[in-house]
Structures are given as C-alpha cells and as structure tokens.
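Working notes, structure below.
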Amino acid sequence: MGLLTKGSPLSWDETVPYIDYIKEHGIKQFIAMYHRLKARQGDQLKWGDEIEYTIVKFDEANKKVRVSLRAEELLSRLQAAEEVNALVGTENRFLWRPEYASYMVEGTPGVPYGGLLACFNVVENNMRRRREEVSKLLKRDESVMSISFPWLGCPDFTFPHADPTPQDPNAVSRSLFYPDEAIFGGHPRFKNLTKNIRNRRGSKVAINVPIFKDEHTMNPFIEDFSQLGDDGEAKAAAKPDHIYMDAMGFGMGCCCLQMTFQAVNLSEARWLYDQLTPITPILLALSAATPIFRGYLADVDSRWDIISASVDDRTKEERGLEPLSKQKFQIEKSRYDTTDCYIYPCSAGYNDVKLQYDDKIYQQLLEGGVDTHLAEHIAHMFIRDPLQVFKERIEQDDDKSTEHFETIQSSNWMNMRFKPPPPDAAEIGWRVEFRPTEVQLTDFENAAYCCFVVLMTRVIISFRLTFLLPISTVNENMQRAQKRDAVLNQKFYFRKGLVTCNTPPEAKKVACCTAPSENIIEMTIEEIISGKGDDFPGLIPLIKQYLDSADVDVDTRCTVSQYLKFIQKRASGEIQTLAHWTREFVAAHPDYKKDSVVSDSIAFDLLKLMDQIAKGEHHCETRLLGCFRSKTDQLIPSAVRRAEESLVMNKASRKHQPETNGAAAH
C-alpha cells in the first residue's frame, strides 16, 4: 500500500527541482529518528498480515468473469464502520485500506496479534471473517477472492466496461490493455505514481513474461498490436515468445500476502531482517499461484518479476542502454526487487553484491552517527528518486516528521523491508516485513503460510540460528523460485547443517556468521522444509522442536500441526501449488486448444471453481488442499490466555533475557 499522505501530488516535472532537497531532508529525518529510538527496548512480539483481495463479477448468462470496479464504494462503507468504532471506543476486528486497483481492497487484523502461542489459533478465523465482511456488501453476482486475476488486460476485463486510451496525451498509463478506470481513484497516490514512473522512465514500462509453449502455441509467438493503437513503442518493446504488458497495473494490480513482525529492539529487527532474507525464495516457490498473464499461460508460476518490471522507473541511462550523462548510476534492478545487502553487523561477510550509493548521502549518514552497515542500506535505497511528493508537505520539521524518508523507503519494494517506528505512534517499535509470499485461494492456506513464517522468527531468535547465504545466491534463488513447478524441479542454495551465532549485537566486525562456501549446498524445497538426512534437519522439524519446548494448548497445537503438515505435503508435491493446479485445470478444459490461450469461457469456469473452493462449497482434497481441518477460533480462551501470560511472567522473573533474545519469550 505504501505511504498514503493527503495533499496535492506533484507531477514528475514539478518534482524534479525538489529531489535533492527531499533526499537530504529524508536522511536528516532518518538520523533524527534513529537517535531518538535506537535505544528503545522491551517491545513485545506483535505481528499481523496483509491480504489483498480482488472483487470479481460473474456473468452467468454469457459465461464471463470480470473485475468489479467497486473498491472505492466498498471501502467507504468498510471504513465508516472503523470510524464509528473509534468514536465509541470499540476495538476494530479488521482494518481496510485502498490498494492500487479499483477492484482491490486490502484487509488486516484490527489489532496486531501478540506473542502468545494461542494467537496462532485465531489467525484463520480472522481471515475468514474479513472475507465475510466484504461479502456482505457485494451484489448477488459478485465475489471477493484472494487471487491475482488471470484476465487482466484482456479485452473488456472490467465491469463496468472501460477502454484503454493509449493515444490520449492526458491518460495516466497510456496502456494498450489496462484502462485508467482500473486504477483506484479514491486517493491520488496510485494514478500519480503510475504517471510519474512513466514520465521519469521516458516511456511506458515494458513487462515481458516467457510464454508457455504448448503443442499449438504460435511459433514464434509474436503479437500484432497495431489495431490496439500502438505507435511503435509496443512493437519495439515486446520480445518474441513473451507475453507483453505495458502498465503498472499488471504488477501492482495483482494480489499478495505480506507479514510484519515487531522486534524487541533495533538489534533484533536487523537480525531478523537478515535471517529471513534467505528464506524468502523458499516461500515464493512454495506459494506459487500466478501462471496466467493477460489471458495466456506463462512459463513462470509467480508474479515477482512482473511486479518488478511494472514499476521500473529507470531511465535508458540507468538501464545501461545509453552512456551516463544526466544520471549518476547504471542501476542493475528495478526499485521492486530483491534486497542487495544484509544490515546486521556480523552478516557483512555475505554482502557480495557491490552497492551503489551517493557518497554525499553515505557520509551524511556516517557523520550523523549511523553505523556502516545500516548506512550502506539506507544510502543504497536513496539512489532512487522520490516518486510521490505533495505540494503541501515539502517543508517539514525533520525532528518530528519522517515523510521525506518514507516517500523513498516505502517505494523501495524489496523481498524484505526494514521498518523503523513511525514518529507519531508510541506503541509501535522496530519491525520487519516479509513480502514475497503469493496470496492463496483459501483462508486455511494463507493462515498456514503466515503462521509458518512467524514461527520461523521464533525459531531463529530462540535458537539463535543463522541461515545466511551470499546475497548474490539469494538473488539466484529468487529467480529459480519463479520457474514453472520450481517447488518440484528446482534446487536452491541453502545452509548445510545448523549454525548458531552468539556474537553480541554491538559487534563491529564480521565474526561468527562467516563460514566456508562448502557449508552451502543445493537442496530441493522438500529437503529444506522437511530435512535432508544428517545434512540438514529441516525448517519444520526445527519449528516442532521449538513447539515441544513451549507450553501450547491442545487446540492451538492441533491447528499449527495441520498447517505444518500441509506445507510439508506441498513441498513434497503430494499437494499441488495453486499454479500447478491451475495449469492442470486449463489443460483439461474442453475449450482449451493447446495454444496457451486462456479464453473467456476457461477463465469463467476456472474462477467459478476457485470461488467455490474458497467458500468451502467444493473441496479439492486430493490435489490442492488435502484433508486438513484446523481448530481455529474467534477468540483465545481466557484460561489459555491467563496460563500463557503467567508463563511469560514467570520466565521473566527467573531469568533476565539477553538483549537480542528478549522477544523469544512467550
């Protein structure tokens, strides 16, 4: 979602004169905030998820499915309930926020989950009730689905109908396929971002996804865009044997699942950021759910590179297509991509990617008292220009505001995000956000992935484990994770055996985390998740070991066990990813001509069945979901809450927790 400041957004040309000013003051704001909050201690584990939903409309008579452009109307009603609750002092069960597209809404828990283990038993129920809350506001032929819509950019994919306007000089995206009406209009951020990315880049974004070659797929696969109003730009940008897309909506208009965790302090947040980074490709492969783009079967299973290209604002110089003249750097990646460095001091030995940054900004951070490793991370982010500037918000008090910092920080969309506390929320501490997971069809699946990642944070902190790999290897793993059936057919670099790190957080040099390259081997997803003999015990066995040492109530342990078994079966291939299941459905459909085309009728039948599965009206036991039933509940039983809280207090009184291990206690 990003920063939702209100005001009058500046165009790109209007922004340019303020770029250096915003960067300088963004760094000043970070330095002020860093020193004000770097010693903050004792925050408890709090965490939450963000799920993006798509509103779809089924036309039964004509066997068509479309996205319904009603997000603004729905959000006004959903958020009105939040405001009423705030006035009367009632706790919100959910929070609703706008997303990029006018057919999307984003839902989160009303308050974060806490550190009690019993919280794992309320996650799925909360997700289910979120879906129900939106469903109450829908028309009879509409449904709310946690999917990335496979027909984005196809002719007439919206309801009401809207036409792209590629030749209109005042259009936002000027896309051949994606109309401006599909971009959320209730906040200026989204359309202004789209226009500023295009104007900064000097052209429309160019997204090329390899097409899945079936028996009758056009060979070579080359599309003619002349009748769509192409002025030659699409013809030049589209690659043979690739699905071409030209708008931010093809990436940001997809849905995802993200998780944010609060750490006990700054040091622990940096530690978690580093240790979770090598796990991001594993979750991307495990959650693969997006094999169709613009109505064609692709030869990838995930949306990651598509989103990356959809917001790629690099100029020709920055992409290495022209010699540097006006720009400072050739930049290897889009601003939406994998992270380029670790930030905990003793992780530095694995930072094998050369970072680009402006020496002036880097020196400003060092002189401001920020350590080398964090300074490099922040300075590297600040090679990007601000894309969203509001006229009324240029002059700020750098000691009280972080808006200039956040306008760049929140538009560096990486697989992990390090999140400082907001200046105006005393109850929020240092956090990290886990970002690569693909949204799943059902609440059970989404809850399973959320609980798995949160439990991994507890394992990492409690056992002080390190999963560090060279950062270039993580980048390679992210590429492998997107390949078709990566969960079955790809191997991923991972640490052999277990390595612990007990270096104190104030360490200023590379120490216990360094290890020879022979300690890193290639493993399958199943081996990483469930173990590989004596080489590696597996992530889920580590989670079970952690749970065995904790006092977990029966219902929560049953629910978590169901989630872990489900993930193990998906890792082994016994249960299919949504991407694999979708391919099988398309291949078996009577209207499919083995030409890679997902027709209107196929899309209708596919989403109709998906909707039935998500609602529990059809259960795909043998292939997609297995026979799992959690014991999820709406509330943590009071007796369980009292028992767990008492356990936490007793542990705290018996033993003073080290600084970096404080959040491990439950």
Residue ID - nearest to the chain's Cα centre (by Cα), chosen from residues in region 127-151 that are assigned to a helix (DSSP H, G or I) and not charged (D, E, K, R): 127
Any idea how many residues of region 200-224 are over 25 Å from the mean Cα position of the chain (by Cα) and under 30 Å from residue 385 (Cβ atoms)? 2
Restricting region 424-440 to residues that are in contact with a helix residue (DSSP H, G or I) (Cβ under 6 Å, 6 or more places away or on another chain) and more than 14 Å from residue 570 (Cα to Cα), which is surrounded by the most Cβ atoms within 10 Å (Cβ to Cβ)? 434
What about residue 56, is it in a strand (DSSP E or B), buried (at least 16 other Cβ atoms within 10 Å of the Cβ) and more than 23 Å from the chain's Cα centre (by Cα)? no
Given the conditions (1) modelled with pLDDT under 95; (2) touching a Cys at 6+ places or on another chain (Cβ under 9 Å), every one holds for residue 617 apart from (2)
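For (1) assigned to a loop (DSSP other than H, G, I, E, B); (2) buried (at least 16 other Cβ atoms within 10 Å of the Cβ), each residue gets a yes or a no:
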site: 18; (1), (2): no, yes
site: 25; (1), (2): no, yes
site: 30; (1), (2): no, yes
site: 45; (1), (2): yes, yes
site: 51; (1), (2): no, yes
site: 85; (1), (2): no, no
site: 119; (1), (2): no, yes
Residues (surrounded by 24 or more Cβ atoms within 10 Å (Cβ to Cβ), closer than 30 Å to residue 37 by Cβ, out of contact with any Lys or Arg (no Cβ under 8 Å at 6 or more places or on another chain) and not charged (D, E, K, R)) located in region 251-272: 257, 264, 271, 272
Among the residues of region 311-333, is any modelled with pLDDT of 95 or more and not in a loop (DSSP other than H, G, I, E, B)? no
Criterion first (in a loop (DSSP other than H, G, I, E, B), modelled with pLDDT of 90 or more and charged (D, E, K, R)) does residue 605 satisfy it? no
Check on residue 518, modelled with pLDDT under 95, over 26 Å from the mean Cα position of the chain (by Cα) and not in a loop (DSSP other than H, G, I, E, B): yes
In region 425-451, the residues that are of a type in the set (D, E, K, R) and either over 13 Å from the mean Cα position of the chain (by Cα) or within 26 Å of residue 44 (Cβ to Cβ) (or both): 427, 431, 433, 435, 443, 445
Evaluation of residue 107 against (1) closer than 24 Å to residue 602 by Cβ; (2) within 24 Å of the chain's Cα centre (by Cα); (3) not acidic (Asp, Glu) (one fails), failing number: (1)
Residue that is modelled with the highest pLDDT, among those in region 483-510 that are touching a Pro at 6+ places or on another chain (Cβ under 9 Å) and more than 23 Å from residue 542 (Cβ to Cβ): 484
So residue 60 clears everything in (1) on the phi < 0 side of the Ramachandran plot; (2) in contact with a Ser or Thr (Cβ under 7 Å, 6 or more places away or on another chain) except one condition, right? Which one? (2)
Taking only pairs six or more apart or across chains, which ones have beta-carbon atoms under 6 Å, a first residue in region 161-184 that is more than 10 Å from residue 247 (Cβ to Cβ) and modelled with pLDDT of 95 or more, and a second residue that is assigned to a loop (DSSP other than H, G, I, E, B) and β-branched (Val, Ile, Thr)? 171/165
Of the residues in region 473-496 that are polar (S, T, N, Q) and within 17 Å of residue 340 (Cα to Cα), the one that is surrounded by the most Cβ atoms within 10 Å (Cβ to Cβ) is 477
Return the residues of region 560-599 that are within 23 Å of residue 210 (Cβ to Cβ), without any contact (Cβ under 8 Å) to a residue 60 or more places away in the chain and outside any helix (DSSP H, G or I); say none if nothing qualifies. 576, 589, 592
Note on region 547-559: residues assigned to a loop (DSSP other than H, G, I, E, B) and touching a helix residue (DSSP H, G or I) at 6+ places or on another chain (Cβ under 7 Å) are 550, 551, 552, 553
Residue among 388, 364, 396 that is buried (at least 23 other Cβ atoms within 10 Å of the Cβ), more than 30 Å from residue 480 (Cβ to Cβ) and out of contact with any Phe, Trp or Tyr (no Cβ under 8 Å at 6 or more places or on another chain): 388
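The values are calculated or read from the model by the stated rules, or taken from the named source; none is laboratory data. Remember, it's a predicted structure, so these values are computed and weren't measured experimentally. Note: ideal-geometry Cβ built from the backbone for every residue, glycine included; neighbour counts use all protein chains shown.
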